[in-house]
Amino acid sequence: LLLDYLATEDTELDRVARYEFMFFRLLEQHRQPRALYAVLSRNPTVFVDLVSRVYRGKQQPRRQRGEGEEALARHAWWVLHHWRELPGLREDGSVDGQHLKQWVRDARLAFADADRADIGDEQIGQVLATSPPGADTIWPAEPVRAILEDIGSPSLETGVHIGAVNQRGVTARGVYDGGQQERALAARYRQWAKQTAGSWPRTSRVLRGLAESYEREAQREDALAEITADTE
């Protein structure tokens with residue numbers, strides 16, 4: 001209620017975002033941290049800072065974190081894990097490609113300065129995985145595909161793959177269903193990979209990798225269902 005009141009009183013967005021960050025775990029089941037997510041979408045520096053709290057630099061030696069640092073790192077990870085809004089996403093579901101491109105560019109430069117280029121690209125890729133389908137109904141949207149093609153970063157592509165898998169969340173299935181769900185997903189990604197192969201080759205490779213991943217998972221689920229059937 002207090003956060004809603006601050007929002008209605010036109011309180012500075014960054015200030016409300018700081019409160020939402022502090023109380024993030026308490027708000028989880030009650031209120032979306034709208035100001036915090038808006039700041040993350042507008043200002044990639046905040047995103048880079050959170051990632052830097054969680055992951056050390058490539059040349060940074062390992063060291064024991066203090067209790068406060070460790071708590072902040074866990075909290076930052078939780079925020080990053082739950083933020084699933086693509087920068088530049090409009091209310092109508094379309095994507096402001098220019099805003100997204102600039103956001104990614106600024107974030108990559110900041111990660112490079114912070115000695116976190118590789119993990120930075122992977123984390124950016126997970127953000128890109130929150131993309132809606134494009135105007136052609138193929139996922140991800142065209143501005144995201146353009147970024148993948150232009151940058152050509154394997155770490156970025158790995159992040160998209162990880163993000164897509166993570167967004168699926170927990171699944172429920174019948175005891176003997178096997179990998180039906182995974183085969184359906186694999187077929188969808190395989191079709192998208194074929195449709196993007198000509199104009200978006202790197203995107204097609206990511207989609208093909210997702211299809212192959214789900215095909216392997218389908219085989220594992222089939223094997224588990226078979227074992228269950230044999231033991232009953």
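A Förster radius of 25 Å combined with the Cβ-Cβ distance from Arg42 to Arg188 puts the calculated FRET efficiency at roughly 0.20. Once the Cα-Cα distance is subtracted from the 0.36 nm per residue extended length, the Tyr5 to Arg31 segment shows a gain of 8.1 nm.
Amide hydrogen proximity for Gly179: with H placed 1.01 Å from N in the peptide plane, the residues at 5 or more positions away or on another chain lying under 5 Å are Asp222. Within the assembled protein chains, the solvent-accessible surface assigned to Arg220 is about 140 Å², based on a 1.4 Å probe.
Between the Cα long axis of helix 201-231 and the first principal axis of the chain there is an angle of about 60°, rounded to the nearest 10. Phi angles across segment 131-145 convert, under the Karplus curve 6.51 cos²θ - 1.76 cosθ + 1.60 with θ = phi - 60°, into 3J(HN,Hα) values of 4, x, x, x, 5, 8, 6, 8, 9, x, 5, 3, x, 5, 4 Hz, Gly and Pro given as x.
For segment 1-152, what does the relative contact order come out to in percent, with C-alpha contacts under 8 Å and a separation of six or more? Please report the intermediate quantities before stating the final value.
Values: 142 pairs, mean separation 30.1, N = 152.
This gives 20 percent for segment 1-152.
Could you tell me how many degrees, from 0 to 90 and to the nearest 10, lie between the Cα long axis of helix 180-196 and the main elongation axis, the longest principal axis, of the Cα atoms of the chain? For 180-196 against the chain, the angle is about 80 degrees. Remark: segment 116-129, residue by residue, has Karplus-estimated 3J(HN,Hα) of 9, 4, 5, 5, x, 4, 5, 5, 4, x, 5, 5, 4, 5 Hz, where x stands for each Gly or Pro and the curve is 6.51 cos²θ - 1.76 cosθ + 1.60 at θ = phi - 60°. Once the Cβ-Cβ distance of Arg168 and Gln64 is raised to the sixth power relative to R0 = 35 Å, the FRET efficiency obtained is 0.50. In plain terms, the chain from Arg74 to Ala112 could stretch by 11.4 nm, reckoned as 0.36 nm per residue minus the Cα-Cα distance. Along segment 47-53 the Karplus relation, 6.51 cos²θ - 1.76 cosθ + 1.60 evaluated at θ = phi - 60°, assigns HN-Hα couplings of 4, 4, 4, 5, 4, 5, 5 Hz to successive residues, with x for each Gly and Pro.
Just checking the listed ones, Gln195, Gln219, Gln59: in the Gaussian network model of the chain with Cα springs under 10 Å, the one fluctuating most is Gln59. Translational diffusion coefficient, Stokes-Einstein: compute it for segment 105-195 using the Kirkwood radius over C-alpha pairs as Rh, at 10 °C and 1.306 mPa s, and state it as an integer in µm² s⁻¹. In µm²/s, the coefficient is 109. Histogrammed with a bin width of 5 Å, the alpha carbon distances of the chain distribute as 1, 6, 12, 15, 16, 14, 13, 10, 7, 4, 1, 0, 0 percent, first bin at zero. Checking the a/c ratio against 1.5 first, then a/b against b/c, what shape does the Cα gyration tensor give for segment 1-119? Note, shape of segment 1-119 comes out oblate.
Proximity of backbone amide H atoms, modeled 1.01 Å from N, is registered between Leu89 and Asp96 at under 5 Å, excluding neighbours fewer than 5 places apart on the same chain. Largest mean-square fluctuation among Gly152, Gly209, Gly68, in a Gaussian network model of the chain whose springs join Cα atoms under 10 Å apart, belongs to Gly68.
Test of understanding: what is the full-extension gain from Phe23 to Glu91, defined as 0.36 nm times their sequence separation minus their Cα-Cα distance? Can you show the working numbers first?
On the way: separation 68, 0.36 × 68 = 24.48 nm, distance 2.60 nm.
Working it through step by step, the gained length comes to 21.9 nm.
The trypsin sites (Lys or Arg not before Pro) of segment 66-155 meeting both criteria, a DSSP state outside H, G, I, E and B (loop) and at most 11 other C-beta atoms within 10 angstrom of the site's C-beta, are Arg90. Where is the GNM fluctuation largest for the chain (alpha-carbon springs, 10 angstrom cutoff): Glu91, Glu28, Glu142? Taking springs between Cα atoms under 10 Å, the residue moving most is Glu91. Using only alpha carbons, segment 1-61 has a radius of gyration to Kirkwood radius ratio (Rg to Rh) of 1.08.
The values are calculated or read from the model by the stated rules, or taken from the named source; none is laboratory data. Small disclaimer: the values here were computed from a predicted structure and weren't measured. When we count neighbours, we look across all protein chains shown, and the Cβ atoms used for this are built from the backbone with ideal geometry, even at glycine. Note: areas computed on protein heavy atoms with side chains; ligands, DNA, RNA excluded. Shrake-Rupley method; radii C 1.70, N 1.55, O 1.52, S 1.80 Å.
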